[in-house]
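Some notes on the structure that comes next.
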Amino acid sequence: MQLAIIGTGYVGLVTGTCFAETGNNVMCIDIDENKVNKLKQGKTPIYEPGLEVLLERNIKENRLQFTTDINTGISGAKVIFLALPTPPGKDGSADLQYVLDVAAALSKIITTYTVIVNKSTVPVGTAEKVHAVLSQHLDPSLFDVVSNPEFLREGVAVEDFLKPDRIVIGTESEKAKKVMDELYQPYIRQGNPIYFMDPRSSEMTKYAANSYLAMRISFMNEMANLCERAGANVDWVRIGMGSDSRIGKRFLFPGIGYGGSCFPKDVKALAFTAQEMDYDYAIINTVMQVNDRQKLILGQKVRNYFGSDLSTFKFALWGLAFKPETDDIRDAPALDLINELLAAGASVTVFDPEAMENVKQIFGNKIQYAESQYAALTDAHALIVVTEWSEFRNPDFDRIATALVHPCIFDGRNVYSLEKMNELGFYYESIGRKTIHKHVHDTLAMPQNEIIRERGTLD
Ligand code: UDX
């Protein structure tokens with residue numbers, strides 16, 4: 001099938017490339033000339049495992065092309081996907097300007113029946129708005145507007161696209177339904193369901209899914225904070241409750257708050273939609289508050305330990321991206337933590353396998369950038385684990401202890417076992433679990449050998 005994808009951001013690029021991979025002819029359109037030129041050479045502007053291989057292959061096979069020209073780009077397309085940004089406005093509402101502007105442009109150039117698909121996450125009622133804009137210049141018999149939300153996780157987006165848990169299509173047009181059904185056949189043949197529903201329910205489904213997941217995380221973050229106070233271990237609680245099949249084991253990991261390009265934006269937009277409809281969606285408002293608070297928790301732990309003036313201390317941060325396997329730092333808790341540490345006068349050295357360049361653009365020379373995870377540790381007073389990249393999971397602890405001024409770890413993702421930390425003699429704080437080896441506090445001024453002698457105490 002001939003397809004056009006407008007917008008080659010994260011969603012547009014993965015969508016276009018994966019559709020090409022299943023044999024469609026795909027034209028990706030973007031106004032950013034630089035980006036389009038790079039993409040034509042098979043270079044992706046984002047780090048996403050598996051994407052570049054598919055990109056190169058499909059460009060070579062002539063199934064995937066890129067252009068800045070919308071007029072020629074959409075020519076012959078049976079389906080046009082709108083994968084445009086919907087940034088949060090000041091009040092938290094999703095800004096639809098890009099989507100509606102492109103719809104207006106399309107209304108003047110479409111000449112044969114085309115299905116226009118909203119792939120971006122858009123508030124309830126957007127399909128109707130897009131329909132209204134298109135109708136200004138276009139006969140309604142020449143198009144249908146369909147809602148088709150994406151459920152792609154960064155880091156595993158290609159796999160999520162090719163093997164989706166489900167596909168949600170919002171349309172009441174039989175003609176559009178048939179086209180979408182045909183397009184998604186390769187994905188549903190594996191047994192995954194495709195659900196056809198009305199556009200409003202489809203639009204709401206995306207917000208419901210993301211907000212529910214964000215709520216689950218906030219629930220666990222609060223549970224973790226309570227476990228710390230109650231002397232319980234949140235990891236056991238997580239396993240114990242997650243084994244109930246009604247709850248499930250996934251997405252119950254406490255941490256330092258959810259980040260990324262979706263959860264914060266979508267929860268806010270849902271709260272705004274509720275407000276617009278004069279409904280007090282109390283739980284959603286609380287989810288946002290809890291997350292804002294949780295993002296500060298690691299910085300607070302550091303200040304409780306080292307004092308509120310951190311000007312004589314240096315900290316090594318492992319991980320900056322909002323989660324592993326991505327270079328995305330949008331709404332990443334690491335940014336709040338760095339700001340908190342800098343505000344208290346600390347010196348900060350960071351390492352992330354993929355996200356360093358993006359962080360440089362924000363913090364410039366206010367912080368130091370290490371060449372490797374171990375180089376970040378030199379002369380630091382503590383290691384702070386922010387993102388749970390695999391390479392941080394089983395590090396050389398002797399090297400850590402030797403490089404640090406004090407063997408001290410603050411772990412925002414619970415990647416290390418309490419037993420191991422106790423055995424190795426680290427001062428160790430994590431989320432929702434007991435603090436290990438509190439006595440190191442008294443030894444802040446002690447030389448390394450004294451500290452090593454101190455090892456082995458479990459508070
Ligand atoms: C999310 C949705 O999962 C995806 O379906 C949607 O299309 C886009 O938004 P993504 O933003 O890639 O995907 O990240 P995800 O893996 O869902 O994680 C979001 C945030 O929650 C991260 O900051 C992560 O660290 C945090 N998280 C996740 C937790 O703190 N605990 C968990 O148990 C899971």
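Tell me, how many Å apart are the Cα centres for the range 297-336 and for the range 344-375?
Here the two parts' Cα centres lie 11 Å apart.
Please pull out the direction-averaged projected area of the range 206-293, using the convex hull of its alpha-carbon atoms, in nm² to one decimal place.
Mean orientational projected area (the range 206-293, Cα hull): 6.2 nm².
Can you tell me, using C-alpha contacts under 8 Å and at least 6 residues apart, the relative contact order of the range 2-197 as a whole percent?
Rounded, it is 19 percent for the range 2-197.
Can you give me the Cα centroid spacing of the range 150-178 and the range 249-285 in angstrom?
21
Return the FRET efficiency for the residue pair Thr402, Tyr212: r is the Cβ-Cβ distance, R0 is 30 Å, and the value is rounded to the nearest 0.05.
After rounding to 0.05, the efficiency reads 0.10.
For the chain, build the charge dipole from Cβ charges (+1 Lys, Arg; -1 Asp, Glu) around the Cα centre, then report which of Val102, Ser243, Phe81 sits farthest towards its positive end.
Going by the Cα projections, it comes out as Ser243.
Which longest uninterrupted range of the chain lacks any chymotrypsin sites (Phe, Trp or Tyr not before Pro) assigned by DSSP to a loop state (not H, G, I, E or B) and surrounded by at most 14 other Cβ atoms within 10 Å?
Value returned for the longest uninterrupted segment is 280-459.
Using amide H atoms built 1.01 Å from N in the peptide plane, name the residues 5+ places from Val26, or on other chains, whose amide H lies under 5 Å from its own.
Leu3, Leu64, Gln65
Give me the number: length gained by fully extending Thr111 to Gln190, i.e. 0.36 nm times residue separation minus the C-alpha to C-alpha distance, one decimal in nm.
Residue separation times 0.36 nm, minus the Cα-Cα distance, leaves 24.9 nm.
Note down the relative contact order for the chain as a percent, whole number, built from C-alpha pairs under 8 angstrom at least six residues apart. Walk me through the intermediate numbers first.
On the way: 884 pairs, mean separation 49.3, N = 459.
Rounded, it is 11 percent for the chain.
Please go through the residue pairs Lys90/Lys206; Lys43/Lys129; Lys60/Lys265; Lys38/Lys265; Lys60/Lys177 and name each one whose alpha carbons sit more than 26 Å apart in this structure.
Lys43/Lys129; Lys60/Lys265; Lys38/Lys265; Lys60/Lys177
Give me the percent of DSSP beta bridges within the chain that run antiparallel, rounded to the nearest 5. Please list the in-between numbers first.
Values: 3 of 46 bridges.
Antiparallel bridges: around 5 percent, rounded to the nearest 5.
Before rounding to the nearest 500, sum -39500 (n - 2.57) across all DSSP H runs of length at least 4 in the chain and divide by the residue total; then give [θ] at 222 nm in deg cm²/dmol.
-12500 deg cm²/dmol
Which residues in the range 67-81 place their backbone N less than 13 Å from a point set 7 Å from the Cα of Glu182 along the Cα-to-Cβ direction?
77-79
May I ask you to derive the FRET efficiency for Glu56 and Ala230 from their Cβ-Cβ distance with R0 = 60 Å, giving the value to the nearest 0.05?
It comes to 0.70.
Can you tell me, using C-alpha contacts under 8 Å and at least 6 residues apart, the relative contact order of the range 295-454 as a whole percent?
Here the relative contact order equals 21 percent.
Take Leu64, Leu377 and order them by how many other Cβ atoms sit within 10 Å, fewest up front.
Leu377, Leu64
What is the spin-label model distance, in nm, from Asp292 to Glu159 if the labels are put 7 Å beyond Cα along the C-beta direction?
3.6
At what distance in angstrom do the alpha carbon centres of the range 179-198 and the range 109-142 lie from each other?
Measuring centre to centre over Cα atoms gives 21 Å.
Dividing the Cα convex hull volume of the range 81-132 by residue count, how many Å³ per residue is that?
Details: hull volume 3.9 nm³, N = 52.
About 75 Å³ per residue, rounded to a whole number.
Let me know the charge dipole size of the chain about its Cα centre in debye, to the nearest 20, where only the beta-carbon of Lys, Arg (+1) and Asp, Glu (-1) is charged.
With Lys and Arg at +1 and Asp and Glu at -1, about 400 debye.
Roughly what would the spin-label model give for Thr378 and Arg393, points 7 Å off Cα along C-beta, in nm?
Reported label-point gap for Thr378 and Arg393 is 3.0 nm.
Please report, in whole Å, how far the alpha carbons of the range 2-197 spread along each principal axis, starting with the longest.
That works out to 41, 40, 38 Å along the principal axes.
List the equivalent ellipsoid semi-axes of the chain in whole Å, largest first, each obtained as the square root of 5λ for an eigenvalue λ of the Cα gyration tensor.
Equivalent-ellipsoid dimensions as semi-axes: 46, 23, 19 Å.
What distance in nm separates the simple spin-label points at Gln368 and Ala343, each placed 7 Å from Cα in the Cβ direction?
Spacing of the two 7 Å Cα→Cβ label points: 2.4 nm.
Can you pull out the GluC sites (Glu not before Pro) in the range 335-398 that DSSP calls coil and that have at most 10 other Cβ atoms within 10 Å?
Glu371
Expected output is a single nm value to one decimal: the length gained when fully extending between Lys175 and Ser308, i.e. 0.36 nm times separation in residues minus the C-alpha distance. What is it?
41.5 nm
We did not get these values from a lab; they are worked out from the coordinates using the rules stated. Predicted model, so just to flag it, every value in this text is computed and none were measured. With ideal geometry, Cβ positions are generated from the backbone for all residues, glycine too; neighbour counts draw on all protein chains shown.
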